[in-house]
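Heads up, the thing below is written out as structure tokens.
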Amino acid sequence: MTFSVNDHDGPEGRSAILAAAGWATVFLAIAGLLQLLIPYPWDADTAYHVAVARLIARHGILQAFPWTPFSLLSDHYADKELLFHLLLVPLAGLPWVAAARIVGTLLGAGLLLALHLVLRAERVPRAGLWALLPLAASGAFVLRFALVRPHLAAIALALVAAWAALRERHLLLAGASFLYPLCYVAWQTPLLLVALAELARLLSGRRPGWRPAAAALAGLAAGILVHPNTANLLRLTWIVSARILVGTAWAHAPGFELGQEFQPFHPVEALRWLSVPLALAVAAGVLAWRRRRDDPVPLGLALAALAFGLLTLRTSRFLEYLAPFSAAAFAVAASRWSWARAAAAPVLAGAMVLTLLFGSSPIRALGTRGDDLPPRLAAYLQEAIPAGSQVFTCEWGLTGELLLALPDRRFVVALDPVLFYLKDPERYRLWYDLPRQGPPDAAALIRERFGAGYVLCTANPQWSPLLRRLTADPGVRRLLKSPLWYLYDLGGPGSQGQRDLR
């Protein structure tokens, strides 16, 4: 079976193709304009993804990641976003911000187009307007939509997988499931969506089937097996799900800083950024429940939206799924009621007004981040830190930008500090404590335990104890003090000694 763009005209219908192409152009324009209006990528992880793409362009498919030797990924590497990085590879020669904007535009438009096609397949009137609803419903979703990350592809695949499971389009479901392990670490998502589809069938008075689950499992198994890092991918998936999300973020484990996206929204934030998506999900559930005997599809989409709503209340980043699924669920459920078939424009306008009045701060935040390593500073650091050097950093979040600015150097850890802890708990604790405590023998500890000849840290007050200690150490030379960065030459093996490049 195929994914029909419009059941009225058929998949080959000229009007369906023209309509899809027209809306695809609109979605490209919206996603591209958003990327152009952001002066600099708001998310530091974007730089990491471009850096990985450049490494693939130079070295081929990666089997290890020696550029962060203290991370578990150094010798148990799995590219959990392989297709995303391969999409960036042809753009590796461009300035990295330009490459990110191009890919962000394509993936953002692809997400909206996937939502649009699902709605057209369900014969939802004004499907193009409904597809824009997630952007109007939450300023926080706009921020997540603007991030050039692989979750954009994962959300599109999730929408297709959910619809395919509900309509029993087994080949389409298997195809979406096949791509998931090659795009995103949470490749179990199609199984969750299949389970919710079967629950919807059961609640609608129908008999659950086994074929959707078999199709999803077959697709996932094939995707995992063709992945170049299969064994490590399975291990990393377990670490991300069980150790990082549940065992560290949800458990509020001390000694780890994972970023705000792993935390729930504060009550005021939730009121501003979740009210519309949650209201749409609840309304979709009510409408779908009342017509559940007619068709399980609206109820299945509503159950998925409500499930993602519960996850979002626990971890804010799941809003990236909640907003599009709540829009899809409400649009499909409302289309079954004659009084609601013309609701697209007023619902879209109302959501936009509420977001602009009360929830636009995340959108404004997109324009606030500047270049952490402008070309002049990057050139100086390249001269000051020789290729092949081990560099001690005080944090992990900016490693991607350092990999771009200082190729062929080694840093402490990228992606997630838990990956450092799992490889060497004792050394991780030392790395965590050193910047915060600044012991008298800090320079010696860094040289001996990390093999580093240089310390490069941001001018974060949290790292002041270490920065003061190194500044006062007669055996250490400060090479750079700027509003954002401090660079120290520790004078040991692998360093430039007392050379001052300023």
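All of the numbers you see were taken from the coordinates with simple rules; none came from a lab. In this text the structure is predicted, and so the values were computed from the model without any measurement. Because the Cβ atoms are built from the backbone with ideal geometry, glycine has one as well, and the counts that use them run over all protein chains shown.
Annotations
- Residue-wise HN-Hα coupling along region 106-114, computed from phi with Karplus coefficients 6.51, -1.76, 1.60 (Hz; x: Gly, Pro): 5, 6, x, 5, x, 4, 5, 5, 4
- Neighbourhood net charge (11 Å Cβ-Cβ; Lys/Arg +1, Asp/Glu -1) for A100: 0
- Contour excess over end-to-end distance, with Cα ends at R211 and E448 and 0.36 nm allotted per residue: 79.6 nm
- Amide H within-cut-off set for R341, under 5 Å, with H built and near neighbours excluded: none
- Sequence of H116, H151, H59, H76 once ranked by neighbouring C-beta atoms within 10 Å, starting from the fewest: H59, H76, H151, H116
- Exposure proxy ranking, count of Cβ atoms within 10 Å, fewest first, for D416, D295: D295, D416
- Environment charge at A331 (Cβ cut-off 15 Å; Lys +1, Arg +1, Asp -1, Glu -1): +4
- Long-range HN-HN contacts of T68 with modeled amide H, under 5 Å: F411
- Absence of a disulfide-compatible partner, taken as no other cysteine beta carbon within less than 4.7 angstrom, is noted in the chain for C183.
- Amide hydrogen proximity for L480: with H placed 1.01 Å from N in the peptide plane, the residues at 5 or more positions away or on another chain lying under 5 Å are L487.
- Each Cα pair under 8 Å and six or more residues apart adds its separation to the average, and for the chain the resulting relative contact order is 18 percent.
- Spacing of the modelled spin labels on S241 and L484, each 7 Å from Cα toward Cβ, amounts to 3.7 nm.
- Spin-label pair E426-L37: with each label point 7 Å from Cα along the Cα-Cβ axis, the two points sit 5.4 nm from one another.
- 222 nm mean residue ellipticity, helices alone, for the chain (DSSP H n ≥ 4; -39,500 (n - 2.57); rounded to 500): -18500 deg cm²/dmol
- Antiparallel DSSP beta bridges within the chain, as percent of all bridges there, nearest 5: 75 percent
- In region 375-489, the DSSP beta bridges split such that about 75 percent are antiparallel, to the nearest 5.
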